[in-house]
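Since the structure comes first, as structure tokens, the remarks are kept for the end.
Here, each number is a calculation from the coordinates, and none is a lab measurement. As the structure is a prediction and not an experimental result, all values here were calculated from the model. As a convention, Cβ positions derive from the backbone with ideal geometry for all residues, glycine included, and neighbour counts pool all protein chains shown.
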Amino acid sequence: MVLKGHTLTARGLEFADATTVISASRDTTLRIWDLHTGECLRVLEGHEKTIRAIAVHGDIVVSASYDGQARVWNWRSGECLHVLKEHTKQVYSVVFDGDLIATGSLDNTVRVWNPNLG
């Protein structure tokens, strides 16, 4: 199966569940894909620059971007729940264990976030 839809390089991929994959791209979007049909179920938009990395836990996906932000999304509904914007430079990495989000940035910091409060 080939999943087509991004207009620039796909930079990050994570399985959301057994039938869904989430992709992140230099085109500033996340795409939610149905692995049975190959259909793009939804496009998550809000970042202004490349999305570098993503982390998924349950219904939540966190995206890290060169715009200096991380965003917390409900991937099932497409809603952006929080914008994490304390970094002063590009955000390169993100991990999420269901309780905490950690982001790493070119500003030489790692920040730890509460996913419920942002």
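When Ser63, Ser93 are arranged by Cβ crowding within 10 Å, least crowded first, meaning fewest neighbours, the order is Ser93, Ser63. Counting other Cβ atoms within 10 Å as a rough exposure proxy, the listed residues His87, His57, His36 run His36, His57, His87 from fewest neighbours to most.
Separation of the range 88-118 from the range 1-58 is 19 Å, based on Cα centroids. When each of the peptides 28-35, 66-73 is scored by the mean number of other C-beta atoms lying within 10 Å of its residues, the order from highest to lowest reads 66-73, 28-35. Computed as a quarter of the hull surface, the mean projected area of the alpha carbon convex hull for the range 1-113 stands at 6.3 nm². For Lys89, a cut-off of 12 angstrom between C-alpha atoms picks up these aspartates and glutamates, skipping any fewer than 8 places away in its own chain: Asp67, Asp107. Using the Cβ of Arg11 as centre and a radius below 13 Å, the other residues enclosed give a net charge of +2, where K and R count +1 and D and E count -1.
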